[in-house]
Amino acid sequence: MTHTTTPDDLLAPLVPDVFAQRLVELGVPHGWIDDVLRHAAGLTEPRREHLRACAAVLDGLAGGTAGMPEYPSGPAAGLDFVVLFAGLLPRLRRLEALRRVDPLITAATVADLGRHLAVHRGRHGTLGFDEQQWFGLHITGQLHQVGRLQFQRLTAGTAAAEVGAAGGKVTPEDVVLSVHIPRFLGPMSPAACDAAIARAHGFFAQHFPADRITAAVCWSWLLDPQLDERLPHSNIAAFQHRFTPMGSPRVDDRAPLNFGFVRPDLPLDEQPRSTSLERTVLDVLQDGGHWHIGAGWFPW
Ligand SMILES: CC(C)(COP(=O)(O)OP(=O)(O)OC[C@H]1O[C@@H](n2cnc3c(N)ncnc32)[C@H](O)[C@@H]1OP(=O)(O)O)[C@@H](O)C(=O)NCCC(=O)NCCS
């Protein structure tokens, strides 16, 4: 993709009403818009320059934020990136218009940023953002929310190789779609997932006609086989059944706490036990067991 970010895009935060509207589109709650505006107005020129350098790298990337200049971590840096992503929104809109993507899909996709502000607020009680890597995919047009699910185009061939090793008929040139499950969108019922996958078939055929898509993959704590064993009638189990396992599940006790609990930092015996998932996650850990990131694929 050519370098289309203009300095004006990134200076747009200086026009508060334009910037505020972009923040709304990114899912920033109204109660925090003025805080982010103040943050943007207070960005020093060296920090702004650093963000422009990050933007230039994002322009040249196939997706994600790997390869961006080093940037300080912490809540303030996260908000710097909210400013950056608001600055890059017009660029994404231009890219999606060239692809003839429905602006409603783009709107649903970028509103994911607000979900992560909500997650941060649940954990820390404050305005903050720490998903710069993740949102790099959205803002560079590599990931789309289609109905209940998000789909990320993987073009590097490594996912295709994994699917191939697990018995899938794929070539290294094939595009593989990585499926993600956003929170705050209600249950992931089989009907909602069927509808999203059916819509995504049409979406990718129409907007990415050059892609030869042969498989969908997922790497997730939701694919730990213990969830199927312990919650066999759940939506999570039904979701697992779509996938043929790929490789061996990798131990990760943090993932179910991070995704299944508002305050993953709390001791296990202080966590809520009101749902069957909460009880299952906690029982395994309190009995000395482990959780895993599972991986799976299905033909597209
Ligand atoms: C994935 C997700 C949408 C599944 O929700 P769901 O469709 O309601 O899931 P299920 O129907 O299988 O849930 C079974 C039980 O777990 C509960 N449950 C599901 N997700 C829960 C969550 N995040 N926190 C607490 N309980 C949850 C359900 O309420 C249900 O409880 P019950 O049996 O007591 O009624 C939900 O867990 C979620 O939003 N997770 C965060 C996002 C995520 O994990 N994405 C994948 C990242 S790799």
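Please verify whether the range 187-196 includes one or more residues that are surrounded by 13 or more Cβ atoms within 10 Å (Cβ to Cβ) and either touching a Cys at 6+ places or on another chain (Cβ under 9 Å) or modelled with pLDDT under 95 (or both). Give the steps one after another, and end with the answer.
Step one: filter the range 187-196 for residues surrounded by 13 or more Cβ atoms within 10 Å (Cβ to Cβ), giving 188-190, 192-196.
Now drop any that are not either touching a Cys at 6+ places or on another chain (Cβ under 9 Å) or modelled with pLDDT under 95 (or both), which leaves none.
The answer is no; no qualifying residue exists.
Taking residue 202 and the conditions (1) free of Cβ contacts under 8 Å to residues at least 24 places away in the same chain; (2) assigned by TED's automatic domain parsing to the domain that holds residue 87, which numbered condition does it fall short on, given that it satisfies the others?
Exception for residue 202: condition (2).
Take residue 204 and decide whether it is among the aromatic types (Phe, Trp, Tyr), closer than 28 Å to residue 121 by Cα and surrounded by fewer than 20 Cβ atoms within 10 Å (Cβ to Cβ).
The answer is no for residue 204.
Look through 239, 243 and report the one residue that is within 15 Å of the ligand (Cβ to nearest atom), in contact with a strand residue (DSSP E or B) (Cβ under 6 Å, 6 or more places away or on another chain) and among the aromatic types (Phe, Trp, Tyr).
Every option except 243 fails the conditions.
Within the range 56-68, is even one residue within 19 Å of the chain's Cα centre (by Cα), under 28 Å from residue 202 (Cα atoms) and outside any loop (DSSP other than H, G, I, E, B)?
Yes, the range 56-68 contains at least one residue that is within 19 Å of the chain's Cα centre (by Cα), under 28 Å from residue 202 (Cα atoms) and outside any loop (DSSP other than H, G, I, E, B).
I'd like to verify a number: residues in the range 171-200 that are away from the ligand (no atom under 16 Å from the Cβ), touching a Lys or Arg at 6+ places or on another chain (Cβ under 9 Å) and among the aliphatic types (A, V, I, L, M), how many?
2
Could you check how many residues of the range 86-143 are within 20 Å of residue 38 (Cβ to Cβ), among the small types (Gly, Ala, Ser) and surrounded by 22 or more Cβ atoms within 10 Å (Cβ to Cβ)?
Total meeting the criteria: 2.
Taking the range 212-225, which residues are buried (at least 17 other Cβ atoms within 10 Å of the Cβ) and either among the hydrophobic types (A, V, I, L, M, F, W, C) or more than 13 Å from the ligand (Cβ to nearest atom) (or both)?
213, 214, 215, 216, 217, 218, 219, 221, 222, 223
How many residues does the range 167-180 hold that are surrounded by fewer than 18 Cβ atoms within 10 Å (Cβ to Cβ), on the phi < 0 side of the Ramachandran plot and part of a loop (DSSP other than H, G, I, E, B)?
4
Take the residues in the range 256-300 that are buried (at least 18 other Cβ atoms within 10 Å of the Cβ) and of a type in the set (Phe, Trp, Tyr), then tell me which one is nearest to the ligand (Cβ to nearest atom).
261
Cβ-Cβ below 7 Å, separation at least six or inter-chain, first residue in the range 279-296 and more than 16 Å from residue 252 (Cβ to Cβ), second at pLDDT 95 or above: which pairs?
Here the result reads 279/273; 286/268, each pair linking the range 279-296 to a residue that is at pLDDT 95 or above.
Could you check how many residues of the range 93-119 are in contact (Cβ under 8 Å) with a residue 40 or more places away in the chain, within 19 Å of residue 184 (Cα to Cα) and assigned to a helix (DSSP H, G or I)? It would help to see each step written out before you state the result.
Here is the first cut: in the range 93-119, the ones in contact (Cβ under 8 Å) with a residue 40 or more places away in the chain are 94-96, 99-101, 105, 107, 109-115, 117-119.
Checking the rest, the ones that are also within 19 Å of residue 184 (Cα to Cα) come to 105, 107, 109-115, 117-119.
Retained after the next criterion (residues that are assigned to a helix (DSSP H, G or I)): 105, 107, 109-110, 112-115, 117-119.
The qualifying residues number 11.
The values are calculated or read from the model by the stated rules, or taken from the named source; none is laboratory data. For clarity, every value in this text was computed on a predicted model and none was experimentally measured. Reconstructed Cβ throughout: ideal geometry from the backbone, glycine too, with neighbour counts over all protein chains shown.
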